[in-house]
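Have a look at the structure below, then the notes.
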C-alpha cells in the first residue's frame, strides 16, 4: 500500500514536472535554504501579502546580467538591493508617483549645506549614518563585496537613494521588509523613522496635536489592515501622516507623491509657496473636510499662513540680510563655511527653531509653534545673532540693525516702555502691526 | 622437596630487604597464577580484575626479584665478607660444593631464573594484551578518562576498541603509545593537564588507516533518509520533523558525487585553518584533473600567514570529529530521549521542564542530582496538584532519565559543561559544512563554494508536523507551493540518478 502511494505521488509529480516552469525551480531553491539560514526574514515574508500572491525571493531579487549589482548566487543571478524599478514591475503607479515626488530627490544632498556640514564638521561616518540613512546614499558598486555593493552604501534604505539602475528611492524606507505590511506603513511610526528631532520634529508635533492624541487613544479602531483605507469610510477616529499626505478620500485617489497636498515649503530659511500651491492646498482641504467643516479648514490655513509670514518677515529675512552683509563685507574671520560662531547661530535659527515653529503651526502643535519654535527664534535673534553681528563693529551691519530696531514696528518694542506696550496690546494697536500677515493674497 | 625449597628461600633471603623481595615475588607469582586460572576456568568474569592481575602482580613480582640481589649487596657491604663466604654460611656444605655443572645452589638459581623469565614473558604479553582493552584505557586513569569512557560506551563505536582508533599497528606505534602513556601518567600525577582536555587532533592516527578499515568511500552510495525529531516547548511538547535525504555517495570521479566526494579516491581537498580547532579556514584547495590545486581564499581572514603545521588533507575526522566521544546539546539530548521513549511525553510542558531542569547551572554533580529532582517534582506539584499523584511514575522516570543525561554529558571534575566539544557534522550555526561552504571562501574569480541545501541533501520535511511533508502533493494555495513543488521534484530526480 505504501509503495503504491509513493508511486502515485511520483506519478503526480511527473505530471507536474512536465508543466513546471524553470522559475518555480529557482524560486523553490531560494526558499529551501533561506527558510533556514534567514529564518526571521523568511517568516516575515511568509506572513506577507507577497506570500499570499506567491511573490517569492527570486521575483524581487532576480537580476538581469546587465544589472551592475547582479551576482551569481547558488546558480541564480540575483541582486541584493531591490529598487523602485523592481517594485514598479507590479506596483507601476506607485513607483511612478514616488519617482516624481519630493521624497525621490532626498538623495541629492551632496551639494547641500547639511551634507557639507556632516562631511567637514563631523566626518564621513556621520554623513553615511546620520544623513544618508534617511536621505538615501548614492549606491556604489564594489566588485570585491559578496553582493557587489559597497559597504558604504549597503545597508541603506534612504527614501531618496540613488540606485545603480537609475531609479531613485527605496520603497522599504516606509514599507519595511520583508512583511511589507500596509498597517505598518500607515502608522505614524513609519514616517517618524526620519521626521523627528530638532530640525524637523513632525513626529513630536503630531504627538502633541489632537490628531496624534486621538490616534494613540484609538489605534485599535484604525482598521489599519484593511485593503481599502478610505478616511470616513474604513476608519474615522483619527488621521495618521499617511491619511493627510497620501491616503485616499471619497473624492481623491491615494498618492505616493507626498507633496501633492503641501502648499508651503517649510524647509528653507524663508518659506515659499510651492508651485501650484492652491491646487495642492485644495487637495489637503479635501482631506480635512472629511472630519471638519470648510470654515474650520479655511481657518486653519488663515492662522497657519500668518505664522509662516510672520516668521519670514520678522526674523528670517532680517537674519538673512544681516548674514549677507557680514559676508559681503568680509567680516567673517575664518574662510570656511561654519567655522564662525555667527554662522551656527543663523543656521539653528532657521534650520532648527525656525522650522519647528512652522511645522508646529502646520500640524496644530502649539508648543512647537511657540516655546520650541518662535520663542527660541526670537531669543536667538535678539540675544545671539544681533550681538554677534554688532561685535564686528562694521557701520553697514550696525546701520542695518539700528534701522531695523528703530524703523520696523515689529522690532521697535525693544526701545519702548513695557507699560506702553501692554497698553498697545489692550488697545489692539500692537495687533495692527501684524494685520498684513492675515491678508489673503 | 618443600623443605629443600624453603631452605633455599631462607638462604636467598639474606637480609630483611631480601626477605621482602622473596615474599613479594613468591606471593604475587602464586596469586597471579591463581587469578589467571580462575579466569580461564570462568570463575572470574569481572573485567576490572585485569587491572590487578595484569598490571599490579607482574609489577610486584619484578620488584621482588630486584630486591633480592639488593639484599645480598647490602649484606656484603655490612659484613665485609665475600659472596662465597656468605654462601657457605647460609647453605649446607653439599649445596655449595662445586659440581660438574656448578653447585646445587647455582643450579637451583638457574632453574628458577628460567621459570621467572618464562613467567615474565607470559605475564608481560598478557599485560600488553590487557592494555589494549578498552577497560584499561577507560578506567586505569579513572578521574581523567571517565568522560571519554562514558561517552564511548554510549556511542556507535562502543564495540570498537580504543586502541583500534587511537594506536596504530606495529612496534613503532606501540612504543609511541607507551611513551605517550608514560607522559600521561606524569601529567596526571603532577596535575599538568588542561581541563577540559583539548581534543587530541594531532595525536590521532590517520583516519584513512583507521576509519576506512570499516567505512571505505566506495561503500557510500545513494541517499540515506534521516528524520530529525524536535519537540516544541509548548504544553504537549509537539513533535516536528526535518527529514533529509542525505546524498552520501562518493561519486564516480572528480565530478558529481555527494558528501563523501571529499574522500573519494579521485579527489583531494586540503585546507589551512587558523588554529587546531579547525573551525575557521584560511583557505581550501581542491585538486583539479591536471593535478594542480584550485584555491579558495577566505576574504574575511586576510593578512594571516599560513602556518604549515595547520595545513591538512581533509579526511573523515574533519567532519566526523565526534564520531565516538559524542557530547550532546541539552535540547537535542532531551529530544532524543523523548523520541526513544525514555522521557514521558504525557507530562504537560515536558520538554520545557526537562530543559530547564537539565540546564540549571549546577556547580557540582550532587547539586545537579538534587536540582533536577527538585525542579521537576516541584514544578508539577505546584502547577498540577490534581494530576501529580497519577503522574508519579512519569515524574520519577523523567527525573531518572534527566539525571542519566546529565551524568553522561557533564563532568565537573574535568570542567566539561554543555557544548564544550563542538561537533562538526552537519551544520549548526556557521560550523560543520559551512566552515568551507560559505560566501567568504572565494576563488580567484570571486566564486564561492556552493552552500546550496540540495547539494548535500534532499529535503522531505523541514520543521514540519509531517515527517514526509514534501512527498505529499503540494497545495496550490500554500505560500510555499513553489518550494514544495521544487523539493518534491528534486528528491525524485536525485534518487533516480
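Derivation of every value follows stated rules applied to the coordinates shown; laboratory data play no part. Not measured: the values here are computed from a predicted model. Cβ placement follows ideal geometry from the backbone for every residue including glycine, while neighbour counts extend to all protein chains displayed.
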Stretched fully, the stretch from residue B:6 through residue B:93 gains (0.36 nm per residue minus C-alpha distance, one decimal, in nm) 29.7 nm
In degrees, nearest 10, the alpha-carbon axis of helix B:2-12 is tilted away from the dominant principal axis of the alpha carbons of chain B by 90
With a Förster radius of 30 Å, plug the Cβ-Cβ distance of residue B:78 and residue B:52 into 1/(1 + (r/R0)^6) and report the FRET value to the nearest 0.05.
0.25
Give the distance, in whole Å, between the Cα centre of the stretch B:300-321 and the Cα centre of the stretch A:140-155.
29
Please label the shape of the stretch B:140-193 as rounded, prolate or oblate, based on the square roots a ≥ b ≥ c of the eigenvalues of the alpha-carbon gyration tensor (a/c under 1.5 means rounded; beyond that, a/b larger than b/c means prolate, else oblate).
oblate
What is the helix-to-structure angle for B:104-131, meaning the angle in degrees between its Cα long axis and the longest Cα principal axis of chain B, kept from 0 to 90 and rounded to the nearest 10?
10
Per-residue mean of other chain beta-carbon atoms within 10 angstrom of the beta-carbon, peptide A:56-64?
1
For a protection proxy built on the mean count of beta-carbon atoms within 10 angstrom, sort A:345-356, A:44-55 highest first, please.
A:345-356, A:44-55
Quick calc, residue A:221 & residue A:253: beta-carbon distance into FRET formula, R0 30 Å, rounding 0.05, result 0.80
Cβ-based exposure ranking for A:234, B:275, in which fewest neighbours within 10 Å come first:
B:275, A:234
Once residue A:396 and residue A:416 are pulled to full extension, the length gained, defined as 0.36 nm per residue separation minus their Cα-Cα distance, is 4.8 nm
Take the alpha carbon atoms of chain B, find their radius of gyration, then divide it by 2.2 N^0.38 Å using N residues; give the quotient.
1.38
Helix A:418-427 versus the longest principal axis of chain A: what is the Cα-based angle in degrees, 0 to 90, to the nearest 10?
70
Tell me the label-point distance for the pair residue A:85, residue B:191, using the 7 Å Cα-to-Cβ offset, in nm and rounded to one decimal.
7.0
What does the helix-only formula give at 222 nm for the protein assembly as shown: each DSSP H stretch with n ≥ 4 adding -39500 (n - 2.57), the total divided by the residues, and the result rounded to the nearest 500 deg cm²/dmol?
-13000 deg cm²/dmol
Once you average over the residues of B:484-492, how many Cβ atoms of partner chains fall within 10 Å of each Cβ?
6
Please figure out what share of the DSSP beta bridges in the protein assembly as shown is antiparallel and state it in percent, rounded to the nearest 5.
95
Averaged over its residues, how many other protein chain Cβ atoms are within 10 Å of peptide A:32-40's Cβ atoms?
4
Contact order normalised by residue count of chain B, Cα under 8 Å, 6+ apart, percent:
13
For the stretch B:1-66 and the stretch A:256-301, write down the distance between their C-alpha centroids in whole Å.
111
Packing-based exposure ordering (other Cβ within 10 Å, fewest first) of A:192, B:450:
B:450, A:192
Between residue B:178 and residue B:346, how high is the FRET efficiency from 1/(1 + (r/R0)^6) when r is the Cβ-Cβ distance and R₀ = 56 Å? Nearest 0.05.
0.55
Could you check the spin-label model distance between residue A:383 and residue B:280? Points 7 Å from the Cα along Cα→Cβ, value in nm.
5.6
With a 10 Å Cβ neighbour count serving as the proxy for reagent exposure, in which order, fewest first, do A:258, A:82 appear?
A:82, A:258
Span from the the stretch A:327-362 Cα centroid across to the the stretch B:450-497 one, whole angstrom:
63
Which peptide among B:219-225, B:61-67, A:222-228 comes first, and what is the full order, when sorted by highest mean count of other Cβ atoms within 10 Å?
B:61-67, B:219-225, A:222-228
